[in-house]
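Visitor: My questions will all concern the structure given below.
Coordinate-derived values only; no laboratory data. Everything numeric here is computed off the predicted structure, so don't read it as measured data. Neighbour counts run over all protein chains shown; Cβ positions are idealised from the backbone, glycine included.
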Amino acid sequence: MEFFFVTKDISIVDRGYYEEIYQTALRLDLKAPPARRSHTGGVTSRDIYVSLHEHVRDIHELLDRSGHRDLLRIFVGGGKRQIIQHPDFPMDLTHPFGSEPLRTVSDKLLNLAGRSPLKIGLIASGVAFGDTLVLLTALDCLHRRISSAWQRIEYAVFFRLMSRVEPLFDRLPFDVKLHQLPVSLSELMTCDAVIDLDGMVDAPEFHELPMIDYLLKRMSVPPGSVPAELKRIRFPIASPDAPGQGLILPPANGRHRVFLNPLAATPVRCVPARHIPSILTAMHDLGWTVHTIGNANSDSPPIFDLSGKMPAFTDYVSVLAQMDVIVTVDSAALYVADLLNLPALAMFATVPPQLRIPYYPTVKGLLLGPADHRLRRVHESQDPADIQEIESLRDKYLPQVLDSIAHLALDLPSKIPSQP
């Protein structure tokens, strides 16, 4: 997490544009009184704001390019340490990066025994569906670990929210309140303790441990102390027994339904558009009823293109609950496959499968390319050279993808054709 202070005593040339920055990016109101400074020139917790490192950097670069760098002052070095070491700052439950021995969250919280309610703040950076599902799983494991020692625990999740992931937090069986970053430092200081998950993809351990184990360790929960079953995705986002509440698919007439998800949040994890017709054709030739999103075209066999028909994540889960098998890239679909206990093939071009699916028994991982490829463990990239290199790798291993799909079909039970 980063701390910043916004000045309000300069001339703003284009008021409308910068007022929008204040109100949306910086969460400040120009109509509010000027920043409260003490007689020594310092600032109070009401004047300081908290957000993610990447978010603050992006805002600072925007203002710098626009000639308004002085609008934002970032606390660094001693200034940042002074905030964190303030006696009123929440207890830090975060396990630091590096080889420092892990002191468990239960041990750290001993000094807060008797607090009721105990309020824990969580600074979280992920906004993608898949990352959010794993975060919810880790938070549930944390709660199980400490809930017996406190009569009531409240969680305040400080998140760079997207509205479509907000409802997922409602599925947790304990009290969680969401706050959109940036927030005033005074809001964070209402917490008794804090866990800082900012900078996840930049941490070396994120590229060495399964994602769920990385999050547990950062929360000071020893990953090896959590049973594998509790590391699976298990929230009632949609009922497999009553699927398709938003979109009911037509009868498959005794054929297996397959869902192909070729898309991810970053190009290096997407299936190249030129490969999709070959994959769809292979699935169709296996006798499957094929469903997909994106890139369906006239060169493909008859399929159900569900693009734009699943506006909410609950719709997405409900549709996938009607499938018999899922084929996907490294994306939210593989976590939904675990949630629904569906057989799935997950294609990995950059991140090794063991960092994503070791606890998901129904999901088979296919690693494309050698283990020592230079882009191995790259979580995201927009670099054209990286994208081109990964697409060339996918070109080379497309036959292996088609062969793996054929083997997946062998493991499916026989379907009884629907009776008229």
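Visitor: Kirkwood hydrodynamic radius, computed over distinct alpha-carbon pairs, for the stretch 257-410: how many Å, to one decimal? Display every interim value, and only then the final one.
Guide: Details: mean 1/r = 0.0641 Å⁻¹.
Radius from the Kirkwood sum: 15.6 Å.
Visitor: Right, another one. Give me the net charge of Thr362's neighbourhood, meaning all other residues with Cβ under 11 Å from the Cβ of Thr362; Lys, Arg count +1, Asp, Glu -1.
Guide: Around Thr362, the charge tally is 0.
Visitor: Of Trp150, Trp288, how do they rank once you tally other Cβ atoms within 10 Å and put the fewest first?
Guide: The fewest-first ordering by Cβ neighbours comes to Trp150, Trp288.
Visitor: Among 84-95, 48-59, how do they line up by average Cβ neighbours within 10 Å per residue, starting with the highest?
Guide: 48-59, 84-95
Visitor: Could you let me know the centre-to-centre spacing of the stretch 127-202 and the stretch 378-400, using Cα atoms, in angstrom?
Guide: Distance between centres, Cα-based: 34 Å.
Visitor: Let me ask another. Give me the number: length gained by fully extending His407 to Lys80, i.e. 0.36 nm times residue separation minus the C-alpha to C-alpha distance, one decimal in nm.
Guide: That works out to 112.2 nm of additional length.
Visitor: Shifting gears a bit: Which of the peptides 108-118, 270-280, 330-340 is most tightly packed, and how do the rest follow, judged by the mean count of other Cβ atoms within 10 Å per residue?
Guide: Order by mean packing, descending: 330-340, 270-280, 108-118.
Visitor: Considering every pair of different Cα atoms, what Kirkwood radius, in Å, is found for the stretch 90-231?
Guide: The answer is 15.4 Å.
Visitor: Report, in listed order, any pair from Lys309/Lys396; Lys80/Lys108; Lys177/Lys217; Lys231/Lys364; Lys119/Lys217 with a Cα-Cα distance greater than 26 Å.
Guide: Violating the 26 Å limit, Cα to Cα: Lys309/Lys396.
Visitor: Which of the peptides 362-369, 75-82, 306-313 is most tightly packed, and how do the rest follow, going by the mean number of other Cβ atoms within 10 Å of each residue?
Guide: Working: 362-369: 19.0, 75-82: 11.9, 306-313: 14.2.
In descending order of packing, they fall as 362-369, 306-313, 75-82.
Visitor: On to the next question. Within a 10 angstrom radius of the beta carbon, how do Glu391, Glu208 rank from fewest other beta carbons to most?
Guide: The most exposed by this proxy come first: Glu208, Glu391.
Visitor: If each residue's Cβ is checked for other Cβ atoms within 10 Å, how do Asp198, Asp386, Asp411, Asp372 rank with the fewest at the top?
Guide: Details: Asp198 22, Asp386 18, Asp411 9, Asp372 6.
Least to most surrounded, the residues fall as Asp372, Asp411, Asp386, Asp198.
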